[in-house]
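Remarks on the structure that follows.
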Amino acid sequence: MSSVNTKGKTRRKRKSKNVNEVKVKVFRIEGVMKLKYGWQKFSLERRGISKEDVIERVFSELGSRHKLSRRHIKITLIREVREEEITDPYIAKISSMEKILVYEIRKRKIPPVEIQ
């Protein structure tokens, strides 16, 4: 892996370390949640790697937003959604991106300081 710069010298290209490419899908989650005055329908679109990941996020979001426990949230349908079917503008914009890279950050080792 080498390339030529403007001065005619060759240099090596750096390979990115700690980069993992993962296929992220969009899921539509439908269900009901128990609120003060009865059961309320909901429909959400969320991005995730797997169905389990998205279900966990929905339980977390609805539980924190409406102060619900998991037994008060019933998911009736979860399915993968194609890019043309997405209704949430934020999710649609993120999904239209070609690639998102996430890098792992290494922690620096700081030597111990002696206190006198």
For this session: Counting other beta carbons within 10 Å of each Cβ, put MET97, MET33 in order, fewest first.
Result: MET97, MET33
Exercise. If you take the C-alpha gyration tensor of region 42-81, multiply each eigenvalue by 5 and take the square root, what semi-axes do you get, largest first, in whole Å?
Worked result: 18, 10, 9
Exercise. Mind checking the dipole of region 22-93: about its Cα centre, +1 per Lys or Arg Cβ, -1 per Asp or Glu Cβ, Debye to the nearest 20?
Worked result: 400 debye
For this session: Would you kindly derive the ³J(HN,Hα) couplings of region 37-42 from the backbone phi angles with the Karplus curve 6.51 cos²θ - 1.76 cosθ + 1.60 (θ = phi - 60°), listing them in order in whole Hz, with x for Gly and Pro?
Result: 10, x, 8, 10, 6, 9
Exercise. Among TYR37, TYR103, what is the fewest-to-most ranking by other Cβ atoms within 10 Å?
Worked result: TYR37, TYR103
For this session: Kindly put GLU45, GLU56, GLU83 in sequence by how many other C-beta atoms sit within 10 Å of each C-beta, fewest to most.
Result: GLU83, GLU56, GLU45
For this session: Could you tell me which of the pairs LYS74/LYS107; LYS23/LYS109; LYS51/LYS93 are separated by over 31 angstrom between their Cα atoms in the structure shown?
Result: LYS74/LYS107; LYS23/LYS109
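Read-outs throughout are calculated quantities, based only on the coordinates presented, and are distinct from any laboratory measurement. Owing to the predicted nature of the structure, the values given are computational and were not obtained by experimental measurement. Because the Cβ atoms are built from the backbone with ideal geometry, glycine has one as well, and the counts that use them run over all protein chains shown.
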